[in-house]
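The structure appears right after this line, and notes come after that.
The values are calculated or read from the model by the stated rules, or taken from the named source; none is laboratory data. Every value quoted in this text rests on a predicted model; they were computed, and no experiment measured them. Here the Cβ positions follow ideal geometry from the backbone for every residue, glycine too, while neighbour counts run over all protein chains shown.
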Amino acid sequence: MLIVSKPNGHVKLMVYRKKTHTEQYLHFDSHHPVQHKLSVIGTLLDRCRTIVSEEDDHQEEIQHVQTALTACCYPKWSMDLVAKQQKTKDMKQVKQIKKGSQKCGIQVVIPYVKGLSEAVSRIFTKFGVSVASKPFKTICNELVHPKNISAI
C-alpha cells in the first residue's frame, strides 16, 4: 500500500509496486487450470478494490492491471468475467449478512489434468461440492523420493 499525502492534509491510498516489479504474471497460455488464471485476475482486481481510495486512482489501477494482463495474453472476456463474478459475490455477501446465514460446504482437491479436471469439477459442482485443483506433476515429486523403509 502506498500512502500519499495530499496538499489539504488528507491522505489517499494506492497500490505500491517496487521499482523491480516486472509485471510478470501467470501466462494465459500456460498449462494451468483456468481457475488459477482467473484467480490472478481476481487477486489483482480485489487488491485494487480494497486498497485504492479515490475513484480516479481506482480507474487508473484497473487500466494498469488490464494492460499488464493483456501483455500476458489474457483475453478481454476473462477480465470481464472476473469483474462480473466479483460484483455478484459482493451482492451475495451483502444478502447473507442481512439474512445472517453462513454457507458450509464440502471441498475436494484433485490433480489437474487438462480437459478432465474441468469436467469432473462441473459434476461435483452439481452436487454442491467445490473443487480445487493442484498440479499433477511437480519438480519436487520428480526429484525427491522418500527413503525405502523396507531396506532398513
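When Asp57, Asp46 are checked against the criterion of being modelled with pLDDT under 95, in a helix (DSSP H, G or I) and in contact with a strand residue (DSSP E or B) (Cβ under 7 Å, 6 or more places away or on another chain), a single residue qualifies: Asp57. Of the residues Leu38, Leu69, Leu45, Leu81, the single one that is outside the structural domain of Ser121 (by TED's automatic domain parsing), surrounded by 12 or more Cβ atoms within 10 Å (Cβ to Cβ) and within 18 Å of Leu2 (Cβ to Cβ) is Leu45. Give me the residue from the range 1-33 that is closer than 27 Å to Ser121 by Cα and touching a helix residue (DSSP H, G or I) at 6+ places or on another chain (Cβ under 7 Å) and, out of that set, surrounded by the most Cβ atoms within 10 Å (Cβ to Cβ). Checked the range 1-33; the qualifying residue surrounded by the most Cβ atoms within 10 Å (Cβ to Cβ) is Pro33.
I'm checking my understanding of the structure. Among residues of the range 1-49 that are β-branched (Val, Ile, Thr) and over 14 Å from the mean Cα position of the chain (by Cα), which one is nearest to Val82 (Cα to Cα)? So, considering only residues that are β-branched (Val, Ile, Thr) and over 14 Å from the mean Cα position of the chain (by Cα), the one nearest to Val82 (Cα to Cα) is Val15. Listed by first and then second residue, the pairs linking a residue in the range 60-72 that is without any contact (Cβ under 8 Å) to a residue 60 or more places away in the chain to a residue that is among the charged types (D, E, K, R), with Cβ atoms under 6 Å apart and 6 or more places separating them unless they lie on different chains, are Ala68/Glu23. Helices (runs of 4 or more DSSP H) fully within the range 60-152 that include at least 1 residues being at pLDDT 85 or above: 76-99, 116-126.
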